[in-house]
Amino acid sequence: MNQKILVAIIIILVLIIGIMAGLYISKTGTVQTQPNILPIIQPATDQPISTPPITTEPIQPAATPVTPAPNNPLTYTNTDFGFQITLPKGWENFKVDINNKEAITNGTVYIHFLVPTTDKAYPYAILSNGSKLNGYVDVIAITAWNKSEWDKQKNSQECKTNPNPGCPFEGSKLGESAKYVFDITHGNGTFPDDIMGVVDNLFKKTGAQTTGQSVAQKLDFQLLP
């Protein structure tokens, strides 16, 4: 009888201990769980690691310096009187002979243009100082008139009643600046065959233009600023 009572008491104690353990666990929540461990991803060693492309602005080449065109061998510029012309093709080796330059302020100055000829029989050109220039022809002459002298001679009795080559002539005027009036005539002497055609074409009038206006256009006559 005592043994049965002892077994019953043990069972009751086991039950009580189980119930108490259950109540303790439910209150504390200390049930241990396996922590979450994130997997470490290793990059594949057999694949190249790609990187975004590096973009840069294109490098612009430095500006190429502009080489100025060489001076035109046919262009003549006179800074004393302030004008410029371009002679016909074939007259690149021209020379200039200025006569009466001391009259620049109050008279007329004659600017002669001489070009070489292939005519061996042609004698020579005579310069303003009386010397001879072999193988050259005096083809054209530009007269730079002081404006007061132009007006004076133009209104003189002689030029009105009996004009001569030395008188001002509106028909041969190339142009005028604030100080000077410019006209043009043939050079002195006769012309050999290789020069004659070019001179004739130069002085040939076009349209309703005067000879001076036509020649000014053909020579690209310009007043300098």
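The values are calculated or read from the model by the stated rules, or taken from the named source; none is laboratory data. Quick caveat, the model's predicted, so the values are computed rather than measured. All Cβ positions, even for glycine, are placed from backbone atoms using ideal geometry, and neighbour counts span all protein chains on display.
Summary table below
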{"item": "Selected residue (criterion: farthest from P225 (Cα to Cα)) from residues of region 166-178 that are modelled with pLDDT of 95 or more and touching a Phe, Trp or Tyr at 6+ places or on another chain (Cβ under 8 Å)", "result": "K173"}
{"item": "Leading residue by the ranking (farthest from Q84 (Cα to Cα)) among those in region 114-133 that are assigned to a strand (DSSP E or B) and out of contact with any Leu (no Cβ under 7 Å at 6 or more places or on another chain)", "result": "K132"}
{"item": "Residues within region 114-144 that are buried (at least 21 other Cβ atoms within 10 Å of the Cβ), among the hydrophobic types (A, V, I, L, M, F, W, C) and within 13 Å of I98 (Cα to Cα), tallied", "result": "4"}
{"item": "Listing of helices (runs of 4 or more DSSP H) fully contained in region 149-222 that carry 2 or more residues being β-branched (V, I, T)", "result": "193-203, 211-218"}
{"item": "All positions within region 84-106 that are in contact (Cβ under 8 Å) with a residue 12 or more places away in the chain, exposed (fewer than 14 other Cβ atoms within 10 Å of the Cβ) and of a type outside the set (K, R)", "result": "G90, E92, N93, V96, T105, N106"}
